[in-house]
Each structure stands twice: as C-alpha cells, then as structure tokens.
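The values are calculated or read from the model by the stated rules, or taken from the named source; none is laboratory data. What you see is a predicted model; the values in this text were computed from it and never measured. Here the Cβ positions follow ideal geometry from the backbone for every residue, glycine too, while neighbour counts run over all protein chains shown. Remember, those area values only see protein heavy atoms, side chains included, never the ligands or the DNA or RNA. Shrake-Rupley method; radii C 1.70, N 1.55, O 1.52, S 1.80 Å.
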Amino acid sequence: TDSVYAIGCDLSKPKSVERVAKIKGVKMKDARFSLVCRDLSHLSEYTKPVENNIYKLMKRALPGPYTFILNASNEVPKIFKTKRKHIGIRVP
C-alpha cells in the first residue's frame with residue numbers, strides 16, 4: 001500500500017489554497033502543489049491534452065504511488081496565483 005501524509009483543500013476556495021501554503025510555510029508564488037484526481041478522466045480539468053503514449057503509461061501505472069508532472073491547463077495559474085506551467089497529478 002501507499003501511505004502519505006498530506007494536507008488537502010477545496011480548490012474552488014482560494015482562501016483554502018492560501019491557507020495550505022501558509023501551513024506549509026511557503027509563499028503562494030513559491031508553493032509547489034500536487035493535485036489528487038479521482039481518475040484519469042479528471043485530468044483534463046487541470047492539464048493540457050496528454051500525448052497518447054503518456055496516457056497509456058498513466059493508465060497502466062494508476063491508480064498507484066506515482067506523481068506525474070504534466071503541462072498545466074490555463075486553470076492552474078488562476079487557482080494557485082502563479083505562472084507555473086506544470087502541475088503534479090496523483091490518482092490514488
């Protein structure tokens with residue numbers, strides 16, 4: 001089994017994202033968050049389209065103990081108030 005301690009929040013509430021950054025002791029612009037998705041169909045909300053070979057790899061490996069670093073959709077900078085172009089994605 002994969003065990004991890006994590007702090008989660010509702011991405012639709014900016015104050016909660018800011019609070020997680022504060023708890024982590026980092027500024028929002030420096031924070032590096034990963035998102036937990038319910039399944040691979042949930043990816044499209046937060047990532048740009050994934051190449052077919054990458055999708056197949058993810059389908060074989062997930063759910064599992066991996067974080068995939070993918071190109072972020074245009075929604076990610078709005079949520080995290082950053083210019084980052086990549087986001088970590090996990091499907092537990």
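What the table below lists for this structure:
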| item | result |
| --- | --- |
| Links that overshoot a 32 Å alpha carbon limit, given the list Lys15/Lys56; Lys56/Lys78; Lys13/Lys85; Lys24/Lys56; Lys13/Lys48 | Lys15/Lys56; Lys24/Lys56 |
| Low-density loop positions, chymotrypsin sites (Phe, Trp or Tyr not before Pro), region 27-88 - DSSP coil, at most 16 other Cβ in 10 Å | Tyr66 |
| Degrees, to the nearest 10: 14-24 long Cα axis against longest axis of the chain | 90 degrees |
| Region 22-64: trypsin sites (Lys or Arg not before Pro) in DSSP loop, at most 15 other beta carbons within 10 Å | Lys27, Arg32, Arg38 |
| Unit Cα scatterers, Debye sum, the chain: log10 I(q)/I(0) for q = 0.17, 0.19 Å⁻¹ | -0.75, -0.92 |
| Cleavage-rule hits, GluC sites (Glu not before Pro), the chain, DSSP coil, Cβ neighbours within 10 Å at most 15 | Glu51 |
| Net charge, Asn74 excluded, C-beta distance under 13 Å - Lys, Arg +1, Asp, Glu -1 | +3 |
| Residue-normalised accessible area of the chain, expressed per residue, 1.4 Å probe, Å² | 74 Å² |
| Probe 1.4 Å - accessible area at Lys81, Å² to nearest ten | 110 Å² |
| Listed residues Val17, Val76, Val26, most fluctuating in the chain (Gaussian network, C-alpha, under 10 Å) | Val26 |
| In degrees, nearest ten, helix 52-61 long axis to first principal axis of the chain (Cα) | 80 degrees |
| Accessible surface of the chain [probe 1.4 Å, protein heavy atoms]: carbon and sulfur percent | 54 percent |
